[in-house]
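A short worksheet on the structure shown next.
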Ligand SMILES: [Zn+2]
Ligand SMILES: [Zn+2]
Ligand SMILES: [Zn+2]
Ligand SMILES: [Zn+2]
């Protein structure tokens, strides 16, 4: 603990930290690599030679439109996200100079800056960006929702705002499943072929024995879910249960290679003192260069105990955050020699959810500890 110092990694790198010594060029290289990785993930192929690494990412090369281009095509290049070059699907943010970023890219840039211990900047003009400095642009959001877009099934054009309903409920070509899916029919196809399939579907005429086999498999996956919920309910019957809000704060190691990690202040649950630690991508050297993001955590007992403390524990989202975490119960027997658990994965649904956590100043979660009765 003593060799590390707490600081707000989002604001400034303290002198002497290695990332502060990177200089502008190094930072730009890393930023370019991060954006390139991001663009690769969302499937953007850049045409032409790679841009020089010092330059902010290039705009998508578009066919010359001039006067003859359709209005919506010209608007497309005006309203697209300056990072991923796609039309934003939800919120649109802008830097103080008006450069637009979709919510996903904005959060990704903020998360990157935390990982690199640098102030986040607009990839276009390098002005500082943060949740306070950037605001939504409702006019762009509304304009985008009026632009026509293609239905992925029937390829007809619709305003973005009505596309979701069309694709879900109205499109004759939308992918549907047979009503006998519940007894194992794997058929799926366009909606207009559904009546014909259901007419001739073989599943309603299957024998009882055949159906029993299919239902058995379905029961098994249902049983796994039920097991999880039942074990949570039986934990709730324990005599000794403690829970608390925990706040992970970002720190940097003082090693030659600095690494971001998270740690909570000491907290008390079940009359014992505990600390939680978390790390990004299992302490990968440059997590900002990879698009896949994971968080794993470790629970540490700080108090001395007379006898082993057999515990089950789980982390859930805090009361004021909206990250999606699937509950997973872990067990550990804490003693003076085994006072730390292994690092276990925080079961967040995907990297987008993980970036949501990383983009915030602190990570707030709720920890439950159940002491196993002897
Ligand atoms: Zn974007
Ligand atoms: Zn800008
Ligand atoms: Zn359609
Ligand atoms: Zn069927």
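Key figures for this structure:
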{"quantity": "Criterion: under 30 Å from residue 145 (Cβ atoms), more than 16 Å from ligand 2 (Cβ to nearest atom) and at pLDDT below 90 - qualifying residue of 249, 160", "calculated": "160"}
{"quantity": "Filtered residue count, the stretch 79-111, keeping only those that are outside any loop (DSSP other than H, G, I, E, B), more than 16 Å from residue 132 (Cβ to Cβ), within 20 Å of the chain's Cα centre (by Cα) and within 15 Å of ligand 2 (Cβ to nearest atom)", "calculated": "3"}
{"quantity": "Residue 58 vs. criteria more than 30 Å from residue 259 (Cβ to Cβ), at pLDDT below 85 and within 16 Å of ligand 2 (Cβ to nearest atom)", "calculated": "yes"}
{"quantity": "Subset of the stretch 152-171 (residues that are in contact with a helix residue (DSSP H, G or I) (Cβ under 6 Å, 6 or more places away or on another chain) and within 21 Å of residue 191 (Cα to Cα))", "calculated": "158"}
{"quantity": "Residue match in the stretch 181-195 (condition: at positive phi and touching a helix residue (DSSP H, G or I) at 6+ places or on another chain (Cβ under 6 Å))", "calculated": "yes"}
{"quantity": "Residue within the stretch 241-249 that is touching a helix residue (DSSP H, G or I) at 6+ places or on another chain (Cβ under 6 Å) and outside the structural domain of residue 117 (by TED's automatic domain parsing) present", "calculated": "no"}
{"quantity": "Residues of the stretch 119-157 that turn out to be at negative phi and within 16 Å of ligand 2 (Cβ to nearest atom), as a count", "calculated": "19"}
{"quantity": "Any hit, the stretch 210-225, residues being within 16 Å of ligand 3 (Cβ to nearest atom) and either assigned by TED's automatic domain parsing to the domain that holds residue 327 or farther than 21 Å from residue 359 by Cβ (or both)", "calculated": "no"}
{"quantity": "Residue in the stretch 210-229 that is within 28 Å of the chain's Cα centre (by Cα) and within 30 Å of residue 113 (Cα to Cα) present", "calculated": "no"}
{"quantity": "Filter result (touching a helix residue (DSSP H, G or I) at 6+ places or on another chain (Cβ under 6 Å), within 10 Å of ligand 1 (Cβ to nearest atom) and modelled with pLDDT of 90 or more) within the stretch 71-99", "calculated": "81, 83, 92, 93"}
{"quantity": "Index of the failed condition, residue 287 passing every other in (1) in the same structural domain as residue 356 (by TED's automatic domain parsing); (2) modelled with pLDDT of 90 or more", "calculated": "(2)"}
{"quantity": "Residue in the stretch 157-172 that is more than 30 Å from residue 81 (Cβ to Cβ) and touching a residue at least 12 places away in the same chain (Cβ under 8 Å) present", "calculated": "yes"}
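The values are calculated or read from the model by the stated rules, or taken from the named source; none is laboratory data. Computed from a predicted structure; not experimentally measured. Cβ atoms come from the backbone with ideal geometry, glycine included; neighbour counts cover every protein chain shown.
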